[in-house]
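For reference, the structure is listed below as structure tokens.
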Amino acid sequence: MSEERWGKRFEQRLEAKYGIEQYNEMGYVYDISPFGLFLSGDRFYLPGTKLKVKIELDNGSRVEFEGYVRWGKAQERPDWFDRGAGMGIRVSRFIEGELFYQDYVQRLNATHDKRSPLVQ
């Protein structure tokens, strides 16, 4: 799936609420990019499913969007926390907070670039 990703991804841990029509599932975002994120939570949805997702950024800004599950990996053991289980979500439409989201990703990018060694 990595060949289908576009843009840099940044590791994060943000609480998320999500669902098909309502925000009735809880989870965490572990990976964020300008066009999508990796979401692991209470319920797994199949690729192609349209979800509503709500996250609160660590600066207090709230972001809501609709997106499609592009890929997913179900938990192998439901009773255990499986860090690799979750869904890749591609943002299709922002409901609220698009500028907050894009600004947040840009700040992560700037912070990441400052930590990266220069290649000469």
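See the values below:
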quantity: Long-range neighbours under 6 Å by Cβ, at least six apart or interchain, first residue of a type in the set (Asp, Glu) within the stretch 41-61, second surrounded by fewer than 17 Cβ atoms within 10 Å (Cβ to Cβ); calculated: ASP42/MET26; GLU56/ARG62
quantity: ARG107 vs. criteria surrounded by 12 or more Cβ atoms within 10 Å (Cβ to Cβ), modelled with pLDDT under 90 and more than 27 Å from PRO47 (Cα to Cα); calculated: yes
quantity: GLY84 at pLDDT below 85, under 18 Å from GLN12 (Cβ atoms) and exposed (fewer than 11 other Cβ atoms within 10 Å of the Cβ); calculated: yes
quantity: Residues satisfying the stated conditions in the stretch 26-38, i.e. buried (at least 20 other Cβ atoms within 10 Å of the Cβ) and closer than 13 Å to VAL63 by Cβ; calculated: VAL29, ILE32, GLY36, LEU37
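The values are calculated or read from the model by the stated rules, or taken from the named source; none is laboratory data. Just so it is clear, the structure is predicted and the values come from calculations on it, not from any experiment. Neighbour counts are summed over all protein chains in view; Cβ atoms, including those assigned to glycine, are modelled from backbone coordinates with ideal geometry.
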